[in-house]
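The values are calculated or read from the model by the stated rules, or taken from the named source; none is laboratory data. Everything numeric in this text was worked out from a predicted model, so none of it was measured. Methodologically, a virtual Cβ is constructed for each residue, glycine included, from the backbone with ideal geometry; neighbour enumeration extends over all protein chains shown.
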Amino acid sequence: MRQEVVETQGHLIDSHLMERIFDTVVEYNGKFEVEEFRIGRTNADPSYLRLKVETPTQQDMEIVLSNLLDLGCTPEDTGDAALQTVERDRCAPEEFYSTTNHRTLVRHAGQWVEVENQRMDGMLVVRDGHAVCRRLRDLRAGDQVVVGMHGIRVVPEAKERDRDSFAFMSNEISSERQLKTAVRQIATLMREARSESKRIVVVGGPVIIHTGGVPALAKLIQGGWVQALLGGNAVAVHDIEGALLGTSLGVRLTDGRQEEHGHRNHMRAINAIYHAGGIQQAVASGKLTKGVMYECVKAGVPFVLAGSLRDDGPLPDTITDMNQAQDAYAEQLKGAGVVLCLGSMLHSIATGNMLPSWVKIVCVDINPAVATKVSDRGTGQAVGVVTDVGQFLGSLSAALEENGKVENGK
């Protein structure tokens, strides 16, 4: 039998981490013995668990340790993390450690060093006493990459009873959750983010326009509640078509009826922006006078449009190189405290993959499967609000505006 002693601390009971640790050992052909367990004496105090793990083979032990590491368990006798040198650009050593989106520390030169730029599916590069999370394509020959699973400590996000304003939603996705309650709590999160000087980022799809959410989102931008807008070519095209021609994919926004020859309207919108030289130029020239993209330009809110194979045009502002688009997304997500994903499954999943687990993500969609897929792909902190996006935005804008009036004593 192979043996390892692991230890962890945190809100192990409230977050159900302890039962998941036990289940993981058994699931992967192991046995465990609790050598020490200390429960936190107050609601804020962490608990401590020391566990002896046994497996029939070393291979089983490696699998168990790999899964326990993601749950915050670290081998007790860990030394410094093992490092190997990258021999060629974009070619990691075979035994590289693949990161989670949870806060991570690396033991180097006898000290625990917190990893910078945390994200999932990256490699840990150690240099000059710093540890940084780096994508595979960004590895360069000579980089020192962490290999194996010793000398690594993962700190999963924990739920503290009655202390986290995000805990009201848990991670369940239900169409029966009252919209009013969800909006009130999300508004609280946004106010907290603003008070902590953290950014609020909106990831949006064209459903924002289809469902009549443009006026409400415009108000949020005007009120300083949005620090960046991320999306595909379509969200901007539909918004601009609505602003210039009053339709979205040829359907009139006022009454939902098909405009005569309206099928060409989205191409007319793209053409108009090309004539202007870009979205900012269209605003500056007075060609574009309303809509989400207009408000972004007027308020100085940066936007990133990531292209895809399906795009018509695309708009001159759309980034068609996927690596460049990923980099642009990642840049705007720095310093984010809350991310609102509105009706865009693919862009929501992509954004979630770039974020550390302590950034709050709210996924709003009429289809509950969208929020489920975002969470299933590793973004465990994402919660879903199943409702019409336009209705959600209207309620959220009203809630923030009402709170502002109360705070100002009006």
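Brief remarks on what is shown
- Any hit, the range 55-73, residues being touching an Asp or Glu at 6+ places or on another chain (Cβ under 8 Å), over 24 Å from Val106 (Cα atoms), of a type in the set (S, T, N, Q) and surrounded by fewer than 20 Cβ atoms within 10 Å (Cβ to Cβ): no
- Some residue of the range 63-71 being hydrophobic (A, V, I, L, M, F, W, C), over 26 Å from the mean Cα position of the chain (by Cα) and over 30 Å from Arg140 (Cβ atoms): yes
- Positions within the range 75-107 being more than 23 Å from Tyr48 (Cα to Cα) and touching a Cys at 6+ places or on another chain (Cβ under 8 Å), in sequence order: Thr99
- Flag for Thr78 being part of a loop (DSSP other than H, G, I, E, B), closer than 24 Å to Phe22 by Cβ, over 24 Å from the mean Cα position of the chain (by Cα) and polar (S, T, N, Q): yes
- Of all residues in the range 258-271, none are in the same structural domain as Val370 (by TED's automatic domain parsing), under 21 Å from the mean Cα position of the chain (by Cα), in a helix (DSSP H, G or I) and basic (Lys, Arg).
- Test: residue in the range 57-70 that is hydroxyl-bearing (Ser, Thr, Tyr) and touching a helix residue (DSSP H, G or I) at 6+ places or on another chain (Cβ under 8 Å): no
- Among all positions in the range 24-38, there is no residue which is within 16 Å of Pro156 (Cβ to Cβ) and of a type in the set (A, V, I, L, M, F, W, C).
- The residue list Gly79, Gly72 contains one member that is at positive phi and not hydroxyl-bearing (Ser, Thr, Tyr), which is Gly72.
- Scanning the range 227-248 for any residue that is farther than 21 Å from Ala282 by Cβ, modelled with pLDDT of 95 or more and small (Gly, Ala, Ser) turns up nothing.
- Filter result (exposed (fewer than 15 other Cβ atoms within 10 Å of the Cβ), modelled with pLDDT of 95 or more and farther than 30 Å from Leu244 by Cα) within the range 169-224: Ser195, Glu196, Ser197
- Residues in the range 95-115 that are in a loop (DSSP other than H, G, I, E, B) and over 28 Å from the mean Cα position of the chain (by Cα): Ala109, Gly110.
- Of the listed requirements (1) over 28 Å from the mean Cα position of the chain (by Cα); (2) surrounded by fewer than 14 Cβ atoms within 10 Å (Cβ to Cβ); (3) more than 22 Å from Gly151 (Cα to Cα), Ala44 misses just one: (1).
- The criterion of being closer than 18 Å to Asp239 by Cα, assigned by TED's automatic domain parsing to the domain that holds Ala243 and β-branched (Val, Ile, Thr) holds for Val297.
- Of the strands (runs of 3 or more DSSP E) that lie entirely inside the range 120-161, those containing 3 or more residues that are under 25 Å from the mean Cα position of the chain (by Cα), at pLDDT 95 or above and within 26 Å of Asn67 (Cβ to Cβ) span 123-127, 130-134.
- Test for Leu105: is it modelled with pLDDT of 95 or more, touching a strand residue (DSSP E or B) at 6+ places or on another chain (Cβ under 6 Å) and not assigned by TED's automatic domain parsing to the domain that holds Ala330: yes
- Evaluated against (1) under 15 Å from Thr211 (Cα atoms); (2) surrounded by fewer than 19 Cβ atoms within 10 Å (Cβ to Cβ), Gln258 falls short on exactly one condition, (1).
- The number of residues in the range 290-317 being assigned to a helix (DSSP H, G or I) and free of Cβ contacts under 8 Å to residues at least 40 places away in the same chain comes to 2.
- Applying the criterion of being charged (D, E, K, R) and in contact with a Gly (Cβ under 9 Å, 6 or more places away or on another chain) to the residues of the range 109-149, the residue that is surrounded by the most Cβ atoms within 10 Å (Cβ to Cβ) is Arg134.
- Selected residue (criterion: nearest to Ser195 (Cα to Cα)) from residues of the range 329-376 that are part of a loop (DSSP other than H, G, I, E, B) and among the hydroxyl-bearing types (Ser, Thr, Tyr): Ser357
- Among the residues of the range 177-209, just one is touching a His at 6+ places or on another chain (Cβ under 7 Å) and assigned to a helix (DSSP H, G or I), namely Ile209.
- Within the option set Glu62, Glu87, Glu54, Glu94, being free of Cβ contacts under 8 Å to residues at least 60 places away in the same chain, at negative phi, assigned by TED's automatic domain parsing to the domain that holds Asn29 and among the acidic types (Asp, Glu) holds for one residue only, Glu54.
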